[in-house]
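Shown next, in structure tokens, is the structure this report addresses.
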Amino acid sequence: MDFWTVRGGKKLYGACRVQGSKNASLPILAASVLAGGETELTNVPRLRDIDAALRILRHLGCRAEQEGNRLYIDARGLVHSSVPESLMHEMRSSVIFMGALLARCGEVRLSPPGGCRLGKRPIDLHLKALRQLGAEVEEKDGEILCRAAKLRGTTIRLPFPSVGATENAMLAACAAEGETVIEGAAREPEIGALQDYLNRMGGSVRGAGTGRIVVSPGRPGGPVRFAVQPDRIAAATLACACAAAGGEVELTDAEPAHFSTVLHFLKDAGCDIITKQRCLTVRSDGRLRAVGPITTEPYPGFPTDAQPVLMAALLRAEGVTRIRETIFENRFRQVPELRKLGADIRLDGQNAEIRGVARLHGAALEATDLRGGAAMLVAGLAAEGETRIRDEGHIARGYERFDRVLSALGAEVRRTDS
Ligand code: UD1
């Protein structure tokens with residue numbers, strides 16, 4: 001259990017390097033088993049979800065070593081094609097091993113993945129895509145078994161641009177005979193990272209960033225060295241923290257174009273945002289105005305992962321901000337906790353209405369999920385007095401040494417384990 005203690009009211013000043021992307025690293029770790037060679041990854045954040053992926057790789061028989069932000073994987077020794085339930089439950093991205101193992105071994109057995117409880121989070125689109133590629137998929141006794149003597153290229157039409165389903169389809173398609181076209185594909189920057197990694201391995205994938213991805217025959221083969229892109233949600237969280245607390249923060253090694261929708265609203269709220277190529281400065285006097293309406297959408301729309309942290313930044317903004325969540329049905333779990341700080345938030349189904357209050361006060365909170373927990377930290381920075389967040393490990397799943405990062409900017413934040 002982690003306990004986070006935040007003493008609010010301190011402005012944030014200084015420069016801070018953005019961590020590598022969690023959501024880009026995890027599918028790449030799954031993809032590393034595909035070709036059975038060696039991979040060296042740099043800029044991998046040290047996170048609980050990354051540790052969970054490494055445990056899966058080791059269980060499969062791969063060598064997986066982490067040294068700082070560098071990771072070395074040798075997938076030549078892979079001996080298993082199944083992932084036990086205990087490992088699957090640790091995070092959502094474990095599901096991406098399904099496409100990768102199917103491609104490598106022709107079969108895979110696993111149970112449904114864990115991750116934040118943001119709603120139903122089905123995997124029907126993943127399974128449908130694998131079936132279309134020629135896999136037999138059986139769901140029995142809480143387990144999923146996929147088998148394919150041969151995968152065949154085809155056209156897969158995703159009715160919704162699911163990030164995970166797109167990744168699984170890309171990976172399985174790498175082992176298919178003939179060309180695969182994924183129509184209605186997710187366009188998130190993490191899809192581009194996976195494409196680049198597969199191509200670096202010798203695969204032939206194009207179209208990432210558009211709704212149409214084409215995977216041509218040619219199973220990738222290592223070895224490969226790859227640098228992970230900056231984490232757009234961690235960067236957005238830091239920008240929201242500065243907006244809420246006030247101050248001036250420079251984010252280096254950032255990719256501002258990947259979260260321009262978040263920056264757009266921070267600008268509207270009254271922050272000065274200066275972007276250079278891989279660098280971004282956020283300046284805020286801590287007195288924001290309401291913005292919006294904000295609607296979460298698949299990329300390039302406003303990211304659902306940034307919704308809780310932007311909400312937290314706007315709790316004291318003058319006026320009324322309306323947020324509509326369209327991706328997950330249960331993504332307002334932070335709201336009852338934020339209310340304990342004095343926030344005025346009304347919920348009506350998938351809609352939230354935030355009426356800016358003059359001040360927030362510290363309180364004892366419970367982190368509900370990864371981004372919800374981060375939102376509580378952001379709000380705590382802008383609250384008077386002490387906020388204490390009891391967290392069963394959610395925040396450390398996605399933010400690397402976040403207590404140190406915020407403290408280095410002048411915040412009073414402490415994290416203790418118990
Ligand atoms: C990924 C990200 C997550 C982000 C989300 C949306 C990772 C590890 N996670 O999650 O941080 O919030 O994208 O940008 O990269 N859906 C179905 N059937 C499916 C798959 C998805 O109905 O088979 C629905 C989900 O219930 C949800 C929506 O599609 O409503 C989005 O899901 P998806 O894009 O798949 O998100 P994840 O890959 O789980």
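Can you bin region 22-227 into rounded, prolate or oblate? Criterion: square roots of the alpha carbon gyration tensor eigenvalues sorted a ≥ b ≥ c, rounded for a/c under 1.5, prolate for a/b above b/c, oblate for the rest. Provide the component values of the computation, followed by the final result.
Numbers: a/c = 1.31, a/b = 1.13, b/c = 1.16.
Because its axes are fairly even, with a/c under 1.5, region 22-227 counts as rounded.
Mind grabbing the accessible area of residue 80 for me, 1.4 Å probe, Å², rounded to tens?
80
Give the long-range amide H neighbours of residue 204: residues separated by 5 or more places, or on another chain, with amide H under 5 Å away, using H modelled in the peptide plane at 1.01 Å from N.
Hits under the 5 Å cutoff: 216.
Taking amide H positions as placed in the peptide plane 1.01 Å from N, state which residues far from residue 316 in sequence (5 or more) or on other chains have amide H under 5 Å from it.
357
So the label point goes 7 Å from the Cα of residue 388 along Cα→C-beta, right? Which residues of region 328-363 then have their backbone N under 19 Å from it?
337-342, 361-363
What fraction of the Cα pairs in the chain, stated in percent, has a spacing above 35 angstrom?
In whole percent, the long-distance tail amounts to 27.
Counting only heavy atoms of protein chains, what accessible area per residue, in Å², does region 260-418 have with a probe of 1.4 Å? Don't skip to the answer; put the middle values down first.
Numbers: 6650 Å² over 159 residues.
Accessible area per residue: 42 Å².
Rank 182, 123, 233 by mean-square fluctuation in a GNM of the chain with C-alpha springs under 10 angstrom and give only the top-ranked residue.
123
Pairing the Cα long axis of helix 163-173 with the longest principal axis of the chain, what angle in degrees results, from 0 to 90 and rounded to the nearest 10?
20
Is the C-alpha gyration tensor of region 42-153 telling us rounded, prolate or oblate? Criteria: a/c under 1.5 is rounded; beyond that, a/b larger than b/c is prolate, otherwise oblate. Present the calculation step by step, with values, prior to reporting the outcome.
Values: a/c = 2.00, a/b = 1.36, b/c = 1.47.
In terms of gyration-tensor shape, oblate.
Would you kindly derive the ³J(HN,Hα) couplings of region 297-306 from the backbone phi angles with the Karplus curve 6.51 cos²θ - 1.76 cosθ + 1.60 (θ = phi - 60°), listing them in order in whole Hz, with x for Gly and Pro?
8, x, 4, x, x, 5, x, 4, 5, 8
Relative contact order (percent) for the chain, with alpha-carbon contacts under 8 angstrom and 6 or more residues of separation?
Numbers: 1080 pairs, mean separation 87.9, N = 418.
That works out to 21 percent.
Could you tell me how far the Cα centroid of region 123-165 sits from the Cα centroid of region 377-418, in Å?
39
Need one number: % antiparallel among DSSP beta bridges in the chain, to the nearest 5. Walk me through the numbers before you get to the answer.
Values: 59 of 83 bridges.
Around 70 percent of the beta bridges assigned by DSSP in the chain are antiparallel ones.
Determine the per residue accessible area of region 22-227 with all protein chains present and a 1.4 angstrom probe, expressed in square angstrom.
Numbers: 8000 Å² over 206 residues.
So region 22-227 comes to 39 Å² accessible per residue, rounded to a whole number.
What are the ³J(HN,Hα) couplings of region 328-335, residue after residue, when phi is run through the Karplus curve with 6.51, -1.76, 1.60 and θ = phi - 60°? Round to Hz, x for glycine and proline.
With the stated coefficients, region 328-335 comes to 10, 6, 10, 10, 10, 5, 6, 4 Hz.
Need the C-alpha centroid separation for region 1-33 versus region 190-245, integer Å.
That distance is 17 Å.
Tell me what the chain gives for mean residue ellipticity at 222 nm when only DSSP H runs of n ≥ 4 count, each as -39,500 (n - 2.57), the sum divided by the residue total, rounded to 500 deg cm²/dmol. Before the final figure, lay out the partial values.
Numbers: 14 runs with 131 residues, N = 418.
The helix-only estimate for the chain comes to -9000 deg cm²/dmol at 222 nm.
Taking the 0 to 90 degree range and rounding to the nearest ten, how far is the long axis of helix 370-381 tilted relative to the main principal axis of the chain, both from C-alpha atoms?
20
Just the number, please: carbon plus sulfur as a percent of the accessible area of the chain, 1.4 Å probe, no ligands or DNA/RNA counted.
Numbers: 7100 of 16090 Å².
On the chain, the fraction of accessible area on carbon and sulfur atoms equals 44 percent.
Residue 279's amide H: which non-local residues (gap 5+, or another chain) put their own amide H closer than 5 Å, with H modeled 1.01 Å from N in plane and none for Pro or chain starts?
Under 5 Å from the amide H of residue 279: 254.
The values are calculated or read from the model by the stated rules, or taken from the named source; none is laboratory data. All of these numbers come straight from a predicted model, not from anything done at the bench. In this analysis, Cβ positions are derived from the backbone assuming ideal geometry, glycine residues included, and neighbour counts consider all displayed protein chains. Side chains included, ligands, DNA and RNA excluded: accessible areas come from the protein's heavy atoms. Shrake-Rupley method; radii C 1.70, N 1.55, O 1.52, S 1.80 Å.
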